[in-house]
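A short write-up of the structure that comes next.
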Amino acid sequence: MNANEMLEVLRRVLLLDKTVFQQVRDDPALTGPAAAGAAIAVLIAGFGAWLYGQTVWNGVGFGFFDTVILGTLFTIILVMAGFGVTYVVLIQALRIDIAPDALVRLLAVGHLPYALGLLVFFPDLGYAFGLLSILGVFWWTLFALRSALPAANELKLAASVVAGMGVWMAIIPFISGAGNEFVTGVFVYGLIA
């Protein structure tokens, strides 16, 4: 797949074209680009958390390495664990059949809105943008699964997305705190307490 075809797929994903999610599900060549897109979205949110420390807290306690590099790395690992939980819930608990690589592609594309976490550094609107990034990931992921698996029950798909997102959303606050700014996006607000 060349760069123009990749950009066309990305454009259709951003426009929420239902047919593109079936293409993402069925095309193994999109595994790497989808995973890279999700990783880049997390990295962008990491920059947002670091910028929050630089602007709102005037640079106090937010090291670039801890926040952007380690925060991104830990978030990616936890998101991958969440993908695993989503797969187990879909396959074992809810009996919805999907290939693991197809699910990874769909979930990775669904995590693109996490990049909105970049905007958490705006003093009065940052928290809203951070929450919007989390809600965007939920809705986008659910939309991707519903489009790619039209015969599946929507409530079951939503339960699997909540289970997967719950993994990383619940653990990130526990691995970060004063002196450990391993956060990305909206989770920077957990450091305030």
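The values are calculated or read from the model by the stated rules, or taken from the named source; none is laboratory data. None of the values given here were measured: they were computed from a predicted structure. Here the Cβ positions follow ideal geometry from the backbone for every residue, glycine too, while neighbour counts run over all protein chains shown. Each accessible area value is taken on the protein alone, full model and side chains, heavy atoms only, with ligands, DNA and RNA left out. Shrake-Rupley method; radii C 1.70, N 1.55, O 1.52, S 1.80 Å.
Miscellaneous remarks
- Out of Ile134, Ile98, Ile91, Ile77, sole residue that is under 22 Å from Pro33 (Cα atoms), more than 15 Å from the chain's Cα centre (by Cα) and not aromatic (Phe, Trp, Tyr): Ile98
- Pairs meeting the criteria (first residue in the range 115-142 and farther than 15 Å from Phe187 by Cβ, second residue surrounded by fewer than 18 Cβ atoms within 10 Å (Cβ to Cβ) and among the acidic types (Asp, Glu), beta carbons under 8 Å, at least 6 apart or on different chains) are Leu142/Glu154.
- Candidate set: the range 87-98, residues that are open to solvent by 10 Å² or more (accessible area, probe 1.4 Å) and either part of a helix (DSSP H, G or I) or modelled with pLDDT of 95 or more (or both); chosen: the one nearest to Gly46 (Cα to Cα): Tyr87
- Residue under evaluation Val183, criteria (1) farther than 29 Å from Leu94 by Cα; (2) open to solvent by 20 Å² or more (accessible area, probe 1.4 Å), criterion not met: (2)
- Tabulated pairs, the range 150-164, first surrounded by 16 or more Cβ atoms within 10 Å (Cβ to Cβ), second outside any helix (DSSP H, G or I), C-beta under 6 angstrom, 6+ apart or interchain: Ala152/Ile96; Lys156/Leu94
- Test: residue in the range 175-189 that is under 22 Å from Pro100 (Cα atoms), touching a residue at least 60 places away in the same chain (Cβ under 8 Å) and either among the acidic types (Asp, Glu) or in a helix (DSSP H, G or I) (or both): no
- The requirement of being in contact (Cβ under 8 Å) with a residue 40 or more places away in the chain, farther than 13 Å from Val186 by Cα and over 13 Å from the mean Cα position of the chain (by Cα) is fulfilled nowhere in the range 41-50; no residue meets it.
- Taking the range 41-68 as the range and being over 21 Å from Met169 (Cβ atoms), in a helix (DSSP H, G or I) and of a type in the set (Val, Ile, Thr) as the test, only Thr55 passes.
- For the range 101-116, filtered to residues that are among the small types (Gly, Ala, Ser) and under 10 Å from the mean Cα position of the chain (by Cα), the residue that is nearest to Ala148 (Cα to Cα) is Gly110.
- Tally, over the range 120-146, of residues that are assigned to a helix (DSSP H, G or I), out of contact with any Ser or Thr (no Cβ under 8 Å at 6 or more places or on another chain) and open to solvent by 10 Å² or more (accessible area, probe 1.4 Å): 14
- Failed item in (1) of a type in the set (Phe, Trp, Tyr); (2) at pLDDT 90 or above; (3) open to solvent by 10 Å² or more (accessible area, probe 1.4 Å), with Phe21 passing the rest: (3)
- Residue count, the range 55-86 (criterion: open to solvent by less than 70 Å² (accessible area, probe 1.4 Å) and either within 19 Å of Val42 (Cβ to Cβ) or free of Cβ contacts under 8 Å to residues at least 40 places away in the same chain (or both)): 20
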